[in-house]
1. Using a 10 Å cut-off around each Cβ, can you sort Trp159, Trp41, Trp149, Trp92 from fewest to most neighbouring Cβ atoms?
2. Beyond 16 Å, what share of the Cα-Cα pairs of the range 88-128 is found? Please give it as a whole percent.
3. For Leu43, Leu88, Leu114, which order do you get if you count the other beta carbons within 10 Å of each Cβ and list the fewest first?
4. Residues with amide H under 5 Å of Lys58's amide H, sequence separation 5 or more or different chain, H placed in the peptide plane at 1.01 Å from N; which?
5. Please give every one of the aspartates and glutamates within straight-line cross-link reach of Lys121, meaning a C-alpha to C-alpha distance under 17 Å, and leave out same-chain neighbours fewer than 8 residues apart.
6. Using the 2.2 N^0.38 Å rule of thumb for compact globular proteins, work out how the range 24-165 stacks up: its C-alpha Rg over that value, please.
7. From the phi angles alone, apply the Karplus equation (6.51, -1.76, 1.60; θ = phi - 60°) to the range 47-58 and give each ³J(HN,Hα) in whole Hz, x where the residue is Gly or Pro.
8. Determine ³J(HN,Hα), in whole Hz, for all residues of the range 76-92 in sequence, where each value follows from phi through the Karplus function 6.51 cos²θ - 1.76 cosθ + 1.60 and θ = phi - 60°; x replaces Gly and Pro.
Amino acid sequence: MEKLIGFPNREAWRTYSGTSVVMITAVDALGRADICTVGAWSLVNGVPPLYGIAMCTKSAGANYFKRHTTTCIEQTGEFVINVPDESLTKAWGICGTVSLTTQPDADKFALAGLTRTPAAKVGAPLIGECPVNIECRVHSKHVLPSHDWIVGEPLAIHWAQDVIEGRRRLEWNRAPKLV
């Protein structure tokens, strides 16, 4: 099999992402909610279960700058991982391009047509249209050059009834991905 070679810090290298997209919600110290689309997340520990998310924390070019959602997580120590399905591709695109850091008056819930739903254990809202929502408290943080790997301890997980009953399946090979 013939292969091409890619190298770090080259455009082709940055276009590869092997995980599905999630939408992180958090609130700042004043209670203002934000949403950030994240393309790097994972279950990182089994017992106890812990989830990791990569959040941009520093400026590193035009597309990499500290997001307001990161500030929210720093201020409150809480966030929600909202797992979208294919129907939310337009919404996560909006939430990934509009930033409260550069557009402080934007309401991403309204712009993306998303519903704020109260969480059970954290102050951040759930995205009602997402079939899975994982409420987390920050467990730890690993500082990296442009992003921080934030590890969250799940406090509550919300599943859509049709997913629980098997009428709808979440298929990772069909989940929205960064391209």
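Quick note: the coordinates plus some simple rules give every number you see, no bench work behind them. Note that the structure is predicted; figures quoted are calculated from it, not measured. Backbone-built Cβ (ideal geometry, glycine too); neighbour counts: all protein chains shown.
1. Listed from fewest to most nearby Cβ atoms, that is Trp159, Trp149, Trp41, Trp92.
2. That tail contains 41 percent of the Cα-Cα pairs.
3. Sorted ascending by nearby Cβ count, the order is Leu43, Leu88, Leu114.
4. Lys66
5. Within the straight-line cut-off, Lys121 pairs with Asp28, Glu78, Glu135, Glu153.
6. Values: Rg = 14.2 Å, N = 142, 2.2 N^0.38 = 14.5 Å.
Working it through for the range 24-165, the quotient is 0.98.
7. 10, x, x, 9, 10, x, 9, 9, 10, 5, 10, 9
8. 10, x, 9, 6, 10, 8, 9, 9, x, 10, 4, 5, 9, 4, 5, 5, 5
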